[in-house]
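What follows is a single structure, written as structure tokens, with notes after it.
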Amino acid sequence: MSVQTTRSSTSASANTGASSRGGNAVDPIRLLRQNLTLLIVTGVVGLGLGGLCFVVAGAFFPSFQGVVRYKLLGEIGSADDAIGKETRNEDTVARLAQTEAYSSIAEPLLEIVVRDREVQNIDWMNQFKDDAGLVNHAEALRELLEEISASHLKRTQFFEIKWNAGNPNDVMALLNSVQQTYDQFRKTERENRLRRAIDPYEVSVQQIESDIADLENQIEGDIESSEILTLANDGGSVQDDLVSRELERNLVLTQIEQYSGSQKQLTAKLSGFRDASQDDIRDAEMDPVVMNSLQEIQAIRGILGEHRQRFSPDHPQVRTTQGMLDARLREKDRKVEEIINRNLTSSLSGVTNALAQLLNTEKMLDSEIITMRTALVESNGHLSDLAKLESRLERKEERKQDIQRQIDDIRAVFLRTDSDIVMLAVPVQRPTEPSFPLWYTMIPGVAFLLILSVGGVVFVRELLDQRVRTTTDVLAVPGAKLLGVIPDLKDDPTDATRGETVVRDHPNSVLAESYRQFAATFRRARLDANAKSVLFSAGMPDAGTTSVVLNLASTIAAAGRSVAVVDANFRRPKIAPMLGLDPNDPGLGDILCEGKSIDSVISKTSDGISVISAGTSTNRVFERFDGEAMIEFLASMHERFDVILIDGPPLVVASESMSIANAADASILVIRAYSEQRGLVARLIRQLNEQSGSFLGVVLNRPRNTAGGYFRRNYEAMAAYSDDVESK
């Protein structure tokens, strides 16, 4: 009863310990070592394939890139400025450059380009021609809009237009057409800007010239009707006061003209017929609201710089910060525009109020002048009216000259070649070297992709492989306790030739040492389970169970303990042939079926192992394992031997193995690496744990240790140490 309790507690503890393990772990180091040669060969093949792709792509799919580069110039304030002055901040320059870059490849301009006669003759246009040779301009325009690009070079005053094609002459012809079309657009835009700038002044000049003609006609009519020959006449103090009022009114009228001009300019700016001046923009940017926005923008730029240093350009954090920066820039531009409108509105209100006051003052002065003129009517007659008309005429002439000077100054500014804010910096050049393919990107790129693909296939295959291959796979099986690892005979660097009796025939081999290490672990597990009879069975055939049993028995016998090996594999008995005994001699089957005595069937090897073979073929009855005869046989063996090792048939193909496991004190599962699935091993362990005998653990047989580099140094050290011992 105590023994059964011990067995049950041992099984429970094994299950508890094993339940914490699981999964399909992949050892990348082992995987790399196993497939290092494959990856190296793949890399070499990839380099060759990359070279072939480079040659093929260069021969059949070359791509040439052309570039047209423009520069933003400083603003010309007046015709007297020697050079333009850069008063724009970095954000304004970037926004202006992006705007011009977009304008340079706008759809209306590119529509002109695709209809250019020279462009229609390039090879690139052939793909849009029908059988009759007619070009589908709409399709060509859509394709060109997708292929051509224009962008601002950050932290510079340059923007550039790029386009790729398979023929360098196509690149030259099309980009040259784009350049000419954009330059013509800029020229037309300048002329329109000049016209919009001087139109209000010319309207004022025409109005003033009309007023001058009316005044001259009026003066001539008054002189003729009054027969006045001269205006030089002194009317005393009243005349002096009248002259003073006339001068004052003239000054007021001049101011009225100036304020009227300012009113027109402000109205034109607010209505959109005229752009705000740089002074208006600078005044708006000095507003505290805009200054706060600029400080926020500068802070976000710093954050964006840190994110770009820490992350890749496509990182979500970089894109989020860039989006915040773009939003702040748009918000700042909107605020600047609102403040400009607010300032212009305020200025227009002030000018309107001042103009109203001046008009009231003019009316008042007119009233006073009329009163004075009435007082002098008898003495001066029409002299006062004529003087007034002459004075107004002079003012009109002066105003006309002032406006004409302004028109001349504006024309002089626009006539300067550097007055345009955009200048062609680098015209398009015929590409001499292809932009695609590039050997230093394609060859290593193809090699890298091939290595990555092969590595991915290897990794996925490894991940999906459910076979037990290494000790890691054993430990990943629930309930599995690894008792020993027996390497393959071909991995033994010594001269060992026969694995079934390697402990006896080659005691200094690595394989023999591995069995000794397993024997030590086996002894501790057996004593903990208080077990004498232990069943060794595999899941599938050819797992090497018989070799494990025989070599373990040799190790136990060499330690001075009595050990018996029982061949319970009635289907394929192997112990007798391996030890040179007659397989048809009486054995376990004869004991279970005919009641033969143990002494009559037992044999003993030269190294002290007692052997009971499977027995005669007629008495190998599988059902006998599930009876009292088997229990009595094991009880008798317990009295005779310290350890009884039972070589059982594979669990999957022989149901009697579970009966033997139920009769024996304990059981051990032998797994051949790369042969059995982890799910099967887990199921067999669970079934063995359900038997009355204790399940001690698993022996991993013939793993490919050297393939992954594991245990290689241990094996070599074992062999070297054994050689040193023999030499001494």
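The values are calculated or read from the model by the stated rules, or taken from the named source; none is laboratory data. Note that the structure is a prediction, hence the values are computed from the model and not measured. Please note: Cβ atoms are built from the backbone with ideal geometry, for glycine as well, and neighbour counts cover all protein chains shown.
If only one of Asn360, Asn353, Asn343 is under 30 Å from Ile256 (Cβ atoms), at pLDDT below 85 and more than 20 Å from the chain's Cα centre (by Cα), which one is it?
On the way: Asn360 fails: at pLDDT below 85; Asn353 fails: at pLDDT below 85.
Selected residue: Asn343, the only one of Asn360, Asn353, Asn343 that is under 30 Å from Ile256 (Cβ atoms), at pLDDT below 85 and more than 20 Å from the chain's Cα centre (by Cα).
Any residue at all in segment 650-658 that's surrounded by fewer than 19 Cβ atoms within 10 Å (Cβ to Cβ) and aliphatic (A, V, I, L, M)?
yes
Of all residues in segment 284-293, how many are part of a helix (DSSP H, G or I) and without any contact (Cβ under 8 Å) to a residue 40 or more places away in the chain?
So the answer is 3.
Hey, any hits in segment 554-563 for a residue that's of a type in the set (D, E, K, R), more than 24 Å from Ile598 (Cβ to Cβ) and modelled with pLDDT under 95?
If we filter segment 554-563 for residues that are of a type in the set (D, E, K, R), which is where we start, we get 561.
Checking the rest, the ones that are also more than 24 Å from Ile598 (Cβ to Cβ) come to none.
Checking segment 554-563: not a single residue is of a type in the set (D, E, K, R), more than 24 Å from Ile598 (Cβ to Cβ) and modelled with pLDDT under 95.
From the list Val563, Val534, pick out the single residue that is farther than 28 Å from Gln677 by Cα and either buried (at least 22 other Cβ atoms within 10 Å of the Cβ) or in contact with an Asp or Glu (Cβ under 7 Å, 6 or more places away or on another chain) (or both). Outline the logic, then answer.
Working: Val534 fails: farther than 28 Å from Gln677 by Cα.
Within the list Val563, Val534, the selection yields Val563.
Return yes when Ser103 is among the hydroxyl-bearing types (Ser, Thr, Tyr), closer than 28 Å to Phe61 by Cβ, touching a helix residue (DSSP H, G or I) at 6+ places or on another chain (Cβ under 8 Å) and not assigned by TED's automatic domain parsing to the domain that holds Gly261 and no when it is not.
no
Of the numbered conditions (1) surrounded by 15 or more Cβ atoms within 10 Å (Cβ to Cβ); (2) not in a loop (DSSP other than H, G, I, E, B), Ala276 fails exactly one; give the number of that condition.
Among (1) surrounded by 15 or more Cβ atoms within 10 Å (Cβ to Cβ); (2) not in a loop (DSSP other than H, G, I, E, B), Ala276 violates only (2).
Could you identify the single residue in Arg430, Arg395 that is more than 29 Å from Arg95 (Cβ to Cβ), basic (Lys, Arg) and not in a loop (DSSP other than H, G, I, E, B)? Even if it seems obvious, please write down each step before you answer.
Details: Arg430 fails: not in a loop (DSSP other than H, G, I, E, B).
Answer to the check: Arg395.
Are there any pairs, at least 6 apart or on different chains, whose C-beta atoms fall under 7 Å, with the first in segment 655-678 and closer than 15 Å to Arg702 by Cβ and the second surrounded by fewer than 21 Cβ atoms within 10 Å (Cβ to Cβ) and hydrophobic (A, V, I, L, M, F, W, C), and if so, which?
The qualifying pairs are Ser675/Met540; Glu676/Met540.
How many residues does segment 154-176 contain that are within 15 Å of Asp116 (Cα to Cα) and within 31 Å of the chain's Cα centre (by Cα)?
Residues meeting the conditions: 0.
I'm trying to understand the selection: among the residues of segment 684-701, which are farther than 19 Å from Glu656 by Cβ and β-branched (Val, Ile, Thr)?
Passing the criteria: Val698, Val699.
What do you reckon, is Phe459 under 30 Å from Leu96 (Cβ atoms), at pLDDT below 90, part of a helix (DSSP H, G or I) and among the hydrophobic types (A, V, I, L, M, F, W, C)?
Working: under 30 Å from Leu96 (Cβ atoms): no; at pLDDT below 90: yes; part of a helix (DSSP H, G or I): yes; among the hydrophobic types (A, V, I, L, M, F, W, C): yes.
For Phe459, the condition - under 30 Å from Leu96 (Cβ atoms), at pLDDT below 90, part of a helix (DSSP H, G or I) and among the hydrophobic types (A, V, I, L, M, F, W, C) - is not met.
Here are Leu452, Leu393, Leu438: which of them is out of contact with any helix residue (DSSP H, G or I) (no Cβ under 9 Å at 6 or more places or on another chain), at pLDDT 75 or above and not small (Gly, Ala, Ser)? Walk me through it before giving the result.
Numbers: Leu393 fails: out of contact with any helix residue (DSSP H, G or I) (no Cβ under 9 Å at 6 or more places or on another chain); Leu438 fails: out of contact with any helix residue (DSSP H, G or I) (no Cβ under 9 Å at 6 or more places or on another chain).
Residue meeting the stated conditions: Leu452.
Filter segment 478-517 down to residues that are surrounded by fewer than 22 Cβ atoms within 10 Å (Cβ to Cβ), hydrophobic (A, V, I, L, M, F, W, C) and either under 19 Å from Asp607 (Cα atoms) or not assigned by TED's automatic domain parsing to the domain that holds Thr546 (or both), then give me how many there are.
1
Select, from Arg516, Arg504, Arg498, the only residue that is among the basic types (Lys, Arg), out of contact with any strand residue (DSSP E or B) (no Cβ under 9 Å at 6 or more places or on another chain) and assigned to a loop (DSSP other than H, G, I, E, B).
Arg498
Would you be able to tell me the number of residues in segment 530-550 that are more than 51 Å from the chain's Cα centre (by Cα) and either assigned to a strand (DSSP E or B) or not assigned by TED's automatic domain parsing to the domain that holds Pro703 (or both)?
Adding up the residues that qualify gives 5.
Of these, Leu452, Leu511, which one is within 24 Å of the chain's Cα centre (by Cα) and free of Cβ contacts under 8 Å to residues at least 60 places away in the same chain? Write out each step before concluding.
Numbers: Leu511 fails: within 24 Å of the chain's Cα centre (by Cα).
Residue meeting the stated conditions: Leu452.
Please find, among Asp183, Asp222, Asp214, the residue that is within 44 Å of the chain's Cα centre (by Cα) and either at positive phi or part of a helix (DSSP H, G or I) (or both).
Asp183
Residue under question is Ala165, and the condition is that it be among the hydrophobic types (A, V, I, L, M, F, W, C), surrounded by 19 or more Cβ atoms within 10 Å (Cβ to Cβ) and closer than 30 Å to Arg88 by Cβ; does it hold?
In short, no.
Identify, from the list Thr441, Thr472, the residue that is surrounded by fewer than 20 Cβ atoms within 10 Å (Cβ to Cβ) and under 30 Å from Arg69 (Cβ atoms). Spell out how you get there, then give the answer.
On the way: Thr472 fails: under 30 Å from Arg69 (Cβ atoms).
Exactly one of Thr441, Thr472 is surrounded by fewer than 20 Cβ atoms within 10 Å (Cβ to Cβ) and under 30 Å from Arg69 (Cβ atoms), namely Thr441.
When you scan segment 198-207, do you find a residue that is of a type in the set (D, E, K, R), at pLDDT 70 or above and under 60 Å from the mean Cα position of the chain (by Cα), even just one?
Yes, the conditions are met somewhere in segment 198-207.
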